[in-house]
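The values are calculated or read from the model by the stated rules, or taken from the named source; none is laboratory data. Because the structure is a prediction, the values reported are computed rather than measured. FYI the Cβ positions are ideal-geometry reconstructions off the backbone, even for glycines, and counts take in every protein chain you see.
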Amino acid sequence: MRRWALALPAVAVLSGEAWAHPGHVAPSFAGGFSHPVTGLDHVLAMLAVGLWAAQSGGRARWVLPAAFVAVMGVGGALGMAGVRLPGVEAGIAASVVVLGLLVACAARWPASASALLVAAFALLHGHAHGTELPAAASGSAYAAGFVLATALLHAAGLSIGHLAASRGRPHLLRTAGAGIAVAGAVLAFS
């Protein structure tokens, strides 16, 4: 896992399509599912939510992913409706850096405060997903796809976090968090 975390900055620099931008998503369940997993910024942020939830333990294990998924759906609906939100791309970049730093620092916040921060980032990620849907397309299948992909990415982060903890290697999560933060910074400035 340590090699994976250290490779994140290189992957970010070499990635040709790291950011999610309009025009490459099919208006279907598959298109919605593929959006979160084809944008490195989305993948890193969603894995970081799962890692942070695993590190935090207790209620946070389910509250953080649930808050992200629920509020991301609201953001998606706003994006599909054409509601503009300022600073979406900058906020998405900040989410990768901040969530990575929280994992790197093994930050312990109250679950409610963690959920509020995660929800704020989720609104932006969801909005980006929602604006990708062509105006004439139906949003329900597309939204179901991006919600499921997001939940699976959170589950992957949780699983990695639990695996590292069960093997007595929580420092690997901190290393992964640092790698995510660095990759987010590289993405933000590329």
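Brief remarks on what is shown
- Extreme residue, nearest to Glu89 (Cα to Cα), among residues of the range 134-190 that are in a helix (DSSP H, G or I) and hydroxyl-bearing (Ser, Thr, Tyr): Thr150
- In the range 65-85, the residues that are touching a residue at least 24 places away in the same chain (Cβ under 8 Å) reach residues that are surrounded by fewer than 17 Cβ atoms within 10 Å (Cβ to Cβ) and outside any helix (DSSP H, G or I) with C-beta atoms within less than 7 angstrom, at least six apart or across chains, in these pairs: Leu78/Leu85.
- Scanning the range 99-119 for residues being crowded, with 17+ Cβ neighbours inside 10 Å and without any contact (Cβ under 8 Å) to a residue 40 or more places away in the chain gives a total of 1.
- Verdict on Ala176 being surrounded by 24 or more Cβ atoms within 10 Å (Cβ to Cβ) and on the phi < 0 side of the Ramachandran plot: yes
- Any hit, the range 30-46, residues being farther than 23 Å from Gly161 by Cβ, at pLDDT below 85 and among the β-branched types (Val, Ile, Thr): no
- For the range 56-97, filtered to residues that are over 21 Å from Ala188 (Cβ atoms) and in contact with a Ser or Thr (Cβ under 7 Å, 6 or more places away or on another chain), the residue that is surrounded by the most Cβ atoms within 10 Å (Cβ to Cβ) is Leu64.
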